[in-house]
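Okay, so here's the structure we're looking at.
The values are calculated or read from the model by the stated rules, or taken from the named source; none is laboratory data. Note that the structure is a prediction, hence the values are computed from the model and not measured. Here Cβ is always computed from backbone atoms with ideal geometry, including for glycine, and neighbour counts include all displayed protein chains.
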Amino acid sequence: MGDWIELTADDGHKLKAWRATPSQPRGGVLVLQEIFGVNSHIREVTEDFAAQGYDAIAPALFDRAERDVELGYEPADVARGRELRGAIATNDTVQDMAASCQALAGSGRTGAVGYCWGGTLAWLCATRLNIACAVGYYGSGTIDFIGEQPACPVTLMLGEKDQSFPPENIAAIRKAHPSVSVFTYPAAHGFSCDHRSAYHAASTVQARERTLDVFTRYLG
């Protein structure tokens, strides 16, 4: 269903994105990658949202540092992904997400969903971009932007066994942002990725249902 397209950010940077579009979109969904690039898993997630009726785009956010990055989930891949993430300024990534939202503008209201690094980026979409809703999965970096106020409804999906998102950080976000919906699951970081050893099927099913409920409510 999906295919690669090219987007252009406001600063002229051109980046690839995987786009899957149903015949009659009920809204747009910005799918934000883990630190492993727009790999086969992220493309599958993007196509799943398209199958639910949403025009879905997953921008290749590593393109500013290195193009065509598709990593696996071994320790070396994690190290490489972290290196690439660290090489890109947050404001530049926000520009690339804004370009993706512009591409979705003709499909109705737009929401964002992100995983790992993308979970943090979904939070930034909610605080810095004009979107209708955001869902962040185990975005441990969210705590670094706790002082930013979301301008739309935000839902967070967090693993109770996620060492990168300890209970005190969850409590801090709940205290600072009582309007944010925070759901926890008996799972570790990356529980929603069936390509990873941390995959937890029951948590994934429940989190996906809640994500689709959010999109149905705020996108259509």
Item to check | Within the range 95-118, considering residues that are more than 16 Å from the chain's Cα centre (by Cα) and assigned to a helix (DSSP H, G or I), the one surrounded by the fewest Cβ atoms within 10 Å (Cβ to Cβ) | outcome: GLY106
Item to check | Enumeration of residues in the range 9-45 that are under 21 Å from PHE191 (Cβ atoms) and either over 13 Å from the mean Cα position of the chain (by Cα) or surrounded by fewer than 18 Cβ atoms within 10 Å (Cβ to Cβ) (or both) | outcome: ASN39, SER40, GLU44
Next on the checklist: Would you confirm whether or not the range 145-157 contains a residue that is more than 18 Å from HIS41 (Cα to Cα), at pLDDT 95 or above and of a type in the set (Gly, Ala, Ser)?
Outcome noted: yes
Next on the checklist: I'd like to check something: does the range 122-131 contain any residue that is surrounded by fewer than 18 Cβ atoms within 10 Å (Cβ to Cβ) and closer than 22 Å to ALA198 by Cβ?
Outcome noted: no
Checklist outcome for this item: From the option list ARG80, ARG64, ARG26, ARG43, single residue qualifying as touching a His at 6+ places or on another chain (Cβ under 8 Å) and charged (D, E, K, R) is ARG64
Item to check | Those strands (runs of 3 or more DSSP E) lying entirely in the range 119-220 with at least 1 residues touching a residue at least 60 places away in the same chain (Cβ under 8 Å) | outcome: 133-137
Checklist outcome for this item: Reported set for the range 51-65 where residues are among the charged types (D, E, K, R) and part of a strand (DSSP E or B) is ASP55
Checklist entry - Where residues in the range 175-187 are surrounded by 18 or more Cβ atoms within 10 Å (Cβ to Cβ) and more than 17 Å from the chain's Cα centre (by Cα), which of them is farthest from ALA112 (Cα to Cα)? => result ALA187
Checklist entry - Quick one: how many residues across the range 141-158 are farther than 19 Å from LEU30 by Cα and surrounded by fewer than 24 Cβ atoms within 10 Å (Cβ to Cβ)? => result 7
Item to check | Criterion (farther than 28 Å from ARG210 by Cβ, assigned to a helix (DSSP H, G or I) and under 19 Å from the mean Cα position of the chain (by Cα)) met by exactly one of ASP3, ASP68, ASP92, ASP48 | outcome: ASP92
Checklist entry - Applying the selection to the range 6-42, what residues are aliphatic (A, V, I, L, M) and assigned to a loop (DSSP other than H, G, I, E, B)? => result ALA9, ILE35, VAL38
Item to check | Options ASP68, ASP92: the member that is charged (D, E, K, R) and on the phi > 0 side of the Ramachandran plot | outcome: ASP68
Checklist entry - Any residue at all in the range 73-81 that is more than 27 Å from SER181 (Cα to Cα), part of a loop (DSSP other than H, G, I, E, B) and acidic (Asp, Glu)? => result yes
